[in-house]
2 protein chains.
Amino acid sequence: MPKRRHLPLTALRAFEAFARHGRMSLAADELCVTHGAVSRQVRGLERLCGARLTQGPRNNLKLTDSGERLARSLGATFDEIERSFVEVRASADRELHVSCVGTLAMKWLIPRLSSFHARRPELSVRVTEAYSPVDFTREPFDAAIRLSDVATVEGATVTSFLDNFHGPVLAPGLIPAGAHFPSLGALPRLHTRPHPQAWAEWAGQAGMILPETAEHREYEHLFYMLEAAAAGLGVGLTPWIYVAADIAAGRLAAPFGFVRTPARFQLILPEQTPKRGLAHFRDWLLEESATAPPPPEMALVGA
Amino acid sequence: MPKRRHLPLTALRAFEAFARHGRMSLAADELCVTHGAVSRQVRGLERLCGARLTQGPRNNLKLTDSGERLARSLGATFDEIERSFVEVRASADRELHVSCVGTLAMKWLIPRLSSFHARRPELSVRVTEAYSPVDFTREPFDAAIRLSDVATVEGATVTSFLDNFHGPVLAPGLIPAGAHFPSLGALPRLHTRPHPQAWAEWAGQAGMILPETAEHREYEHLFYMLEAAAAGLGVGLTPWIYVAADIAAGRLAAPFGFVRTPARFQLILPEQTPKRGLAHFRDWLLEESATAPPPPEMALVGA
DNA sequence: CCTTGCTTGTGAGCTGACATCACATGCCGA
DNA sequence: TCGGCATGTGATGTCAGCTCACAAGCAAGG
């Protein structure tokens, strides 16, 4: 099993540093090793080459002709490697890859991104839909947005940027003419598979006892459920921010108002090697969320 | 203590191989590691870059745009490194660095080298004078020539190319007119510091009892001693090959002839990574030594 | 549909390349 | 002659990077 490409890269780098500085101890400083390490590397390289690369007395080493030629070539080459490496890293710095719970991305984040691009044209944002807890050591995300009431994440800093309110929504046409409220017992109740206990939580927070209902329907995603609600298939329970626009446009009605939940929308940033530009993204996120309209308050429901 | 030049060379090489082959398993074969090693290196590089370099399903990985750009640059660059490395090694292959006992170099080897250069113009020979036992793992020699009766050297192959004969020599003018032999007791006996027991060995091999002598002189090197002998300062003991030319030219006389010693001139070659061209050097050495004239035989000395 | 075979991803654990430390060695200038 | 400064090196430590073995994703053929 022959090593076809068995270049002694470590030794070549050590030699190149030595050639540039003229002294092993300086090269050692640059590479953050001891002079002995550089000495061994250079010696090993000479053995591999079968030629002397250095000459002269110990305290005033010079390069041989071969060494000079090798060093000249290596210098340019390592520069080139470094250049393309940092270039890739820099271009990566210009792109923020954000993992975001899908509904917020679709209903709130993506529609507003153009304002971020306008402010920071040098940065571009890529949004990927995700729901599971984020692990920056395993996934290539630069930031994550989640709806959670956990205030800390191991190895990450958490910034809450938006309070959460939730409440029932339905198609305006389902509210009986002349009434302010529909009867929650008379309509199908819509659920989502990821969060089946949502209605029970809302009832607890709203101080309501949910009446029995004729029908339950379950949807894979919250935004499917919202489409169903808008189409008049029943009453859905949703965070306010997802439907603020639909309510303003009259596609959905929220006759019971919204109630605050313990969970909040959080920006989660890795503590290890956070990308430049994330601070701008966080600032923008905080400003943008501050302009969000407050939700209609919880209405007192007639029993 | 910042690592100014902390390029992940191993990871970059692994990535470059992967990019060239398009599959990690092939890159792994080239680098003589397992596919897992390449996978980890590429993944680590992506983390360092902060950008994805690969995309697509596991069984059909492709490069991202960033990866493509990086790979293009790295490919050329590693080629360049390899090129200059093998170039240095090749140029080193053309030069044979021979460690040789000084007197043989001066009196025999160097005067004949032109015939080697004429036969092998692509090879050049550099001769360095040395006497101590050679250790190829510590000294940058490609070959060594020694006078020794030890037939094997650890980690090296030994080729004897010239028998050794030694005998007394002196300035012709010191031989009394009309006599064939000078009186060994009447002349200063010349010694060398590295080999002070030479006279005693010779006496044993020649079956002679050395008479007391008026004076002993010691020289640092054999060739200083030979100069002293030629200048008429006494009788020196020397290997035949060193003085063959001086005897032919009449500068020295060897009235007692020469006697064979157990030691022979040996070419010692390293077993590890012997340099191309050494076989030619050995062949030439054997041919050249075969043409050496035989020494005058040991003369029977009148008591 | 399931199976088979290709690929890459990864947890656990080992190992040797490469580092350090401390001392030796060699050259220089005061 | 001696102290200062640079590199060379034997002994020893340690972690980057490897292997192993298994998991998992995808494709194609039965």
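Quick one: count up the residues across the range B:242-261 that are in a loop (DSSP other than H, G, I, E, B) and β-branched (Val, Ile, Thr).
Qualifying residue count, the range B:242-261: 0.
Would the range A:151-159 turn up any residue that is within 14 Å of another protein chain (Cβ to nearest Cβ), hydrophobic (A, V, I, L, M, F, W, C) and in a strand (DSSP E or B)?
Taking the range A:151-159 and keeping what is within 14 Å of another protein chain (Cβ to nearest Cβ), we get A:155.
Adding the requirement that they be hydrophobic (A, V, I, L, M, F, W, C) leaves none.
No; the residues of the range A:151-159 include none that is within 14 Å of another protein chain (Cβ to nearest Cβ), hydrophobic (A, V, I, L, M, F, W, C) and in a strand (DSSP E or B).
Does residue B:217 qualify as being charged (D, E, K, R), part of a loop (DSSP other than H, G, I, E, B) and surrounded by fewer than 18 Cβ atoms within 10 Å (Cβ to Cβ)?
Considered against the rule, which asks whether it is charged (D, E, K, R), part of a loop (DSSP other than H, G, I, E, B) and surrounded by fewer than 18 Cβ atoms within 10 Å (Cβ to Cβ), residue B:217 comes out as no.
Would you check if there is a residue in the range A:97-118 being facing chain B (nearest Cβ under 10 Å) and farther than 21 Å from residue A:198 by Cβ? Spell out the reasoning first.
First, the residues of the range A:97-118 that are facing chain B (nearest Cβ under 10 Å): A:97.
With farther than 21 Å from residue A:198 by Cβ added as a condition, the list becomes A:97.
Yes, that holds for at least one residue.
Quick check on the range A:76-99: of everything there that is more than 17 Å from residue A:279 (Cβ to Cβ) and touching a residue at least 24 places away in the same chain (Cβ under 8 Å), which residue is nearest to the chain's Cα centre (by Cα)?
Step by step, filter the range A:76-99, then rank; the result is A:99.
May I ask you to list pairs of residues, at least six apart or on different chains, whose Cβ atoms are under 8 Å apart, with the first in the range A:222-239 being on the phi > 0 side of the Ramachandran plot and the second being assigned to a strand (DSSP E or B)?
A:232/A:170; A:234/A:170; A:234/A:189; A:234/A:190; A:234/A:217
Mind listing just one residue for me: the one in the range A:127-150 that is of a type in the set (D, E, K, R) and surrounded by 13 or more Cβ atoms within 10 Å (Cβ to Cβ) and, of those, farthest from the other protein chains (Cβ to nearest Cβ)?
A:146
Return the total of residues in the range B:1-40 being closer than 17 Å to residue B:77 by Cβ and within 8 Å of DNA strand D (Cβ to nearest atom).
Adding up the residues that qualify gives 6.
Filter the range A:41-75 down to residues that are within 12 Å of DNA strand D (Cβ to nearest atom), over 43 Å from the mean Cα position of the chain (by Cα) and of a type in the set (S, T, N, Q), then give me how many there are.
So the answer is 4.
Pull out all pairs, ordered by first then second residue, where Cβ-Cβ is under 8 Å, the residues are six or more apart or on different chains, the first lies in the range A:197-208 and is assigned by TED's automatic domain parsing to the domain that holds residue A:237, and the second is part of a loop (DSSP other than H, G, I, E, B) and of a type in the set (Phe, Trp, Tyr).
Listed pairs, sorted by first residue: A:206/A:256.
The values are calculated or read from the model by the stated rules, or taken from the named source; none is laboratory data. Being a predicted model, the structure only gives us computed values, none of them experimental. So basically every Cβ, Gly included, is an ideal-geometry build from the backbone, and we count neighbours across all protein chains shown.
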